[in-house]
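Visitor: Got a structure for you, questions after.
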Amino acid sequence: MNLHLTHEQLCDVLLADSSLPSAGADRETDVVDQHLQACLICAAELKSLRDSLSHFRDASVAYSRQEFAHSYARRSSIAPPHSVLSQPLYWAAAAVVFVAALFPISLHQQSAARSAAKTAAAVSSQTAESDEALLSDIDQKVSADVPSAMEPLANPTDSTTSLTSTSDQRKN
């Protein structure tokens, strides 16, 4: 038998779970248990490790509860403290940030309005030109004595003379 237990054997004792016995480890655990009963130095080392782990567990639980309480108190109010709200410098800074955020938006809207006005003016001038051309065409058609579709019927003598003259030319 060794003089004292190794670090691995002490860790195995600490981590051992009595509810899950393994077939091959029973003999080894019996040997380790007998050694711990016989060797006061190894038993004291095991007790020191168990106490250290217990103190560490208690300290970590206490610290986590304390931090949770602090974080909950900090999250309960998202508003800054009252003293911050009463200082005009913070309000001025907030107004400057707000105006600076709105400035690019207003410039974009103004340029969009200008381009829309230019497009509308170009469309209206093109529409006025096409309307003017349509009106002048209508004026010409109305002022004509005979509509263009009825012009062949307007002077029947012209067509008969041309027909007779062509027929005379054939007889010759």
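Visitor: Run the simple label-point estimate for Leu107 and Thr127 please: 7 Å along Cα→C-beta, distance reported in nm.
Guide: 3.3
Visitor: Please work out how much length the chain gains when fully extended from Glu28 to Ile138, using 0.36 nm per residue of separation minus the C-alpha to C-alpha distance, in nm with one decimal. Can you show the working numbers first?
Guide: Working: separation 110, 0.36 × 110 = 39.60 nm, distance 11.74 nm.
Stretched fully, the Glu28-Ile138 segment lengthens by 27.9 nm.
Visitor: Work out the FRET efficiency for Leu14 and Ala73 from their Cβ-Cβ distance, taking R0 = 30 Å, and round it to the nearest 0.05.
Guide: Working: r = 37 Å, r/R0 = 1.24.
It comes to 0.20.
Only the coordinates and a few stated rules stand behind these numbers; no lab work does. The shown structure was predicted, so the numbers you read here are calculated from the model rather than taken from an experiment. Positions of Cβ are generated from backbone atoms using ideal geometry, with glycine treated the same way; all protein chains shown enter the neighbour counts.
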